[in-house]
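All remarks here apply to the structure that follows.
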Amino acid sequence: MGWRKSKQIAAEAARNDVHKEEPGPAVADVQAKPLLVVEGVERTFQAGGQPLHVLKGIDMELKPRRLVMLRGRSGSGKTTLLNMIGGLDQPSKGHIFFNDLPFHAMSDDQRTKVRRKDMGFIFQAFALMPLLSAYENVELSLRMAGVPGAEWKPRVEHCLELVGLAKRMHHRPFELSGGEQQRVAIAKAIAHRPSLLLADEPTAELDSQMAAQIMSVFQTIIRTEQVTICMTTHDPTILEVADHVYEMVDGKFI
């Protein structure tokens, strides 16, 4: 066998090895390790001296770069679960692991440090500082996260451009529509590069057209920022864009 033929065979074998070692995006995504795992979580509150069981044994996973929705009526427990995932509250029973960290067993200070670094929050009422411009609101989140000042300007401009507000960045909240205010809130939530974004009814105050725009922004930032989004909703019109929907009724998934 000549050296040229041997070289061709070796090259073909190398290509086959690379193909075997590097699965396609779909296969790799299926094999991806969960960002967050919830195991047997229960939450009980005391109401009038009686126990109120709000969560009744929740098991779920959040995979990287996914849009996951918790759907249910008011009082179904979805916001309580979102608070558990974000470390704003602790379960009465069960375990929550975020990036392999035992979130359920950590102190308040430890969970706060994790939230500041790796999580972003979006609220139904936008939660913007009314006297600050869109630019200043996003910049404030970087200040609070301890991001070096040299990174503020390019990161703020990038995030506002990402949500389609590059030309409105110097407007204050009262000069923006509801949809635009929510997009500022999204830019603010992703500015410090979190791996998990939690959104509580982010489209509840918006009409259907604006809600669709927000969902389009979510899909864009999942792709460009490599973030996972978990959101609560009772709006059936936006469910089709979710990668997974957990239906909640009386504190349980159905």
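All of the numbers you see were taken from the coordinates with simple rules; none came from a lab. Since the model is a prediction, treat every value here as computed from it, not as a measurement. Don't worry about glycine lacking a Cβ; one is built from the backbone with ideal geometry, like all the others, and counts go over all protein chains shown.
For the range 43-135, max minus min Cα coordinate along each principal axis, in Å, sorted largest first?
Answer, in whole Å and largest first: 46, 32, 28 Å.
With N denoting the number of residues in the chain, provide Rg(C-alpha) divided by 2.2 N^0.38 Å, to two decimal places.
1.20
According to a simple spin-label model (label point 7 Å from Cα along Cα-to-Cβ), what is the distance in nm between F123 and T237?
Using points 7 Å along Cα→Cβ, the separation is 2.6 nm.
For an R0 of 22 angstrom, estimate the FRET efficiency from the Cβ-Cβ distance between E61 and I254 and round to the nearest 0.05.
Approximately 0.80, to the nearest 0.05.
Anything over 20 Å Cα to Cα? Flag those among K56/K78; K188/K252; K56/K93, in the order listed.
From the list (K56/K78; K188/K252; K56/K93), the Cα-Cα distance tops 20 Å for K188/K252.
At a threshold of 8 angstrom on Cα-Cα distance, excluding pairs fewer than six apart, so keeping six or more, what relative contact order does the chain reach in percent?
27
Using label points projected 7 Å from each Cα along Cα→Cβ, tell me how many nm separate E39 and R116, to one decimal.
It is 2.9 nm.
Give me the distance in nm between label points sitting 7 Å out from Cα along the Cα-to-Cβ direction at L88 and D100, one decimal.
So the label points at L88 and D100 sit 2.9 nm apart.
Using a cut-off of 14 Å between alpha-carbon atoms, which aspartates and glutamates can reach K117, once sequence neighbours fewer than 8 places away in the same chain are excluded?
Qualifying aspartates and glutamates at Cα under 14 Å: D109.
Please report how far the C-alpha centroid of the range 50-110 lies from that of the range 174-228, rounded to the nearest whole angstrom.
Spelled out, the Cα-based centre of one part sits 21 Å from the other.
Could you give me the ³J(HN,Hα) list for the range 42-51, computed from phi with Karplus coefficients 6.51, -1.76, 1.60 and θ = phi - 60°, whole Hz, x at Gly and Pro?
10, 9, 10, 10, 9, 10, x, x, 10, x
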